[in-house]
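What follows is one structure encoded as structure tokens, with my remarks underneath.
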Amino acid sequence: MRLSNSFIPTLKEIPSDAYIPSHQLMLRAGMIRPLGAGVYSFLPLGYRLVKKIIEIIRDEMDAIGGQEFHLPALNPLELWEETGRAKDFGDVLFHIKNRPLVLAPTHEEVIGYIASNHIKSYRDLPQIWYQIQTKFRNEPRPRSGVIRGRQFLMKDSYSLDATWEGLDRSYELHAEAYKKIFTRCGLRFFVVGASSGAMGGSASQEFMIESQSGEDTCVRCDNCGYAANLEVAQSNVAKPQRDGQSNKLKEIYTPNVRTIDELKSFLNVDERLLAKSLIYMKDKTPILILMMGNDQLNESKLQAVLGADVRPSVPEELKGLTGADAGSIGPVGLNDQLPEGTRFKIIVDKRLEGANNLISGANKNDYHITNIDLQRDVKVDGYYDLRIVQAGEPCPSCGKPLRIVNAIELGHIFKLGTKYAESLDAYFLDEDGKEQPIIMGSYGIGVERIMACHIEQSHDKHGIIWNKALAPFHVHLILLNANNEKVVSTAEHLYEKFQEALIDVLYDDRDDVSPGFKFKDADLLGMPLQVIVGKKNVDSGKVEVKERETGKRKLVELGKIVHYVEQYIES
RNA sequence: CGGGGUGUGGCGCAGCCCGGUAGCGCGCUUGGUUCGGGACCAAGAGGUCGCUGGUUCAAAUCCAGUCGCCCCGACCA
């Protein structure tokens, strides 16, 4: 492609709205332009890249037996009401104003609808159906360029299986395909166990890259490779020892002590003796949660235990429920305030399991109770892992210190189970002639995130550094002296030769910009190789080759340059 | 949705506090000179200062409202 009549509007200056490197560079390299918040136009260079990424994804999806669909973005609202997700998505779902239609944010519903009409026998299964299409989500706050947009490209696939073992197989196939896809795209990624969230289902893993700009938080162990989303991450943090004997309960006067830190310094005791109380509500049932010391409650873990509809209590509720304000609440004598027949559910973080001689609130402002034995004094409804892992805590599998990092989610795989089949009436007859719901899995990849993440991981102060698989062009051919006939004819000749050799070449044949300008543009656009044709070397029958990644330059004889580039691409 | 910022030619910004003919750099057009790291000279084109209303003889500037965009948070299947 000739740069002289291409539309690749590069920018010298950084657009003021862009903060993260990938966003800045995608704008500067003329790949995208914003149209509204979270909505981007892909310009020719950017779209070329999109197509390359899609090609890689398609290749690997086809390799595991995936069949590509093209599905409507316009979905009947009714279909989304059947699965209950019109409500679950809430404001994130775009609604069409003048028809009862929604813009699909994902396609389980449509897939389930098609399956319910056509998959009638176990003989029709398994199936892997996928699509690479635009999805719409009314994100409350789009950000980071294309990383979180309101309209974005997603590869979504859906597995349909007759058995749970089949689902495991489909899930594994996707996990392997995803590793191949991200590896081919040259990304340094890691896989984490994740919460399946409101999507439902049993297992789920996320494919992440570490990045300061990431919206997810993950725990990683550099020693053994343990990695988990903070939502589900665990650590091998020490538990307090149970004392030999439990002392007698005693009320102590703690004026104006509200926080664990204040209590700790007021009493001058080890934080591990303190049990922090948190009050949550599920419907009308109050729930007391005990955490050790200043351990932070992980609400994702709490939701996994109690369901998604738990909420923190508001300060006004506390006094009526417990008789005290926040900071003075505890498990002993807790139900005294409540009317007959209602009582608190008490759940305790595992770290406190079996603990005794603990100090917690007395349900009376300015008082705490000491020597609490959870076994003796409290009717505990259950012990669960509820705490947020902190950086530096020991890895649960090898004991080395954990790191906590920000990460960008590139892909997510779910074992969905039968939820959608049941609500959409997608049943088949098994070998015994018995009706069974189709067992589904769902597997997504953010296409734009691949490009953004690659740039995040591969750029320098001059611009983007593409790897060979993603580079929109293999070679950036630079004509330096457009006024010199011999240089021009050499460059033109090379341009033809590259094309004949089916090498993707971007040819900077502009006659109205200076050499420096062309070099800057070439570094910004970041093709793996630059072939520089200038009069300095043409006279001796040579051209200069610069590798973008290393900046290494080399003189290559004219006659050998096509072969040289071919070899470079294949290596 | 809460907090903060911002809106002035295609891009990046100054001017606003203290009201009085709208400015700079880059880019763009024409001509000329240049040609290995974002060239130079000359002459040009291009702006209802986001929008609406108010105050004033006079508003980019002061006041009120409103919209867009960005950042932090909440949220994030």
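The values are calculated or read from the model by the stated rules, or taken from the named source; none is laboratory data. Being a predicted model, the structure only gives us computed values, none of them experimental. When we count neighbours, we look across all protein chains shown, and the Cβ atoms used for this are built from the backbone with ideal geometry, even at glycine. The protein model used for the area step is the full one, side chains on, heavy atoms only, and it has no ligands, DNA or RNA in it. Shrake-Rupley method; radii C 1.70, N 1.55, O 1.52, S 1.80 Å.
Just a few scattered comments:
- 10 Å binning of all Cα-Cα separations within chain A, expressed as whole percents from 0 upward: 3, 14, 19, 19, 17, 13, 7, 4, 2, 0
- For the range A:411-480, a Kirkwood radius taken over Cα pairs fed into Stokes-Einstein (10 °C, viscosity 1.306 mPa s) yields D = 96 µm²/s.
- For the pair A:N5 and A:Q67 in one chain, pulling the backbone fully straight at 0.36 nm per residue adds 18.5 nm over the alpha carbon distance.
- The fraction of accessible area contributed by carbon and sulfur in chain A is 48 percent, rounded to a whole number (1.4 Å probe; ligands and nucleic acids excluded).
- Cα-based helix-to-principal-axis angle, A:164-184 vs chain A, degrees rounded to 10: 50
- Mean Cα-pair separation over length for chain A, i.e. relative contact order, pairs under 8 Å, 6 or more apart, %: 17
- Of the listed residues A:M451, A:M154, the order by accessible area with a 1.4 Å probe, largest first, is A:M154, A:M451.
- The lysines within cross-link reach of A:K180, meaning a Cα-to-Cα straight distance under 19 Å and a gap of 8 or more places when in the same chain, are A:K51, A:K52, A:K155, A:K468.
- Accessible-area value, A:W164, 1.4 Å probe, nucleic acids and ligands omitted, Å²: 130
- The range A:456-519-the range A:390-432 distance, computed between alpha-carbon centres (Å): 44
- The angle between the Cα long axis of helix A:515-525 and the main principal axis of chain A comes to about 40°, on a 0 to 90 degree scale.
- Efficiency of FRET between A:A469 and A:D222 - r from beta-carbon atoms, R0 30 angstrom, step 0.05: 0.65
- Modelled label positions at A:H118 and A:T183, each set 7 Å beyond Cα in the direction of Cβ, lie 3.3 nm from each other.
- Rounded tilt (10° steps) of A:108-118 against the dominant C-alpha axis of chain A: 80
- Structure-based [θ]222 nm, chain A - -39500 (n - 2.57) summed over DSSP H runs of at least 4, per residue, nearest 500: -8000 deg cm²/dmol
- Note on the range A:211-299: lysine pairs with Cα distance below 29 Å, sequence gap of 8 or more or different chains, count 11.
- Label-to-label distance, A:R311 versus A:R58, with points set 7 angstrom from Cα along the beta-carbon direction: 4.7 nm.
- Taking all protein chains together and a 1.4 Å probe, the residues A:D539, A:D385, A:D509 rank A:D539, A:D385, A:D509 from largest to smallest accessible area.
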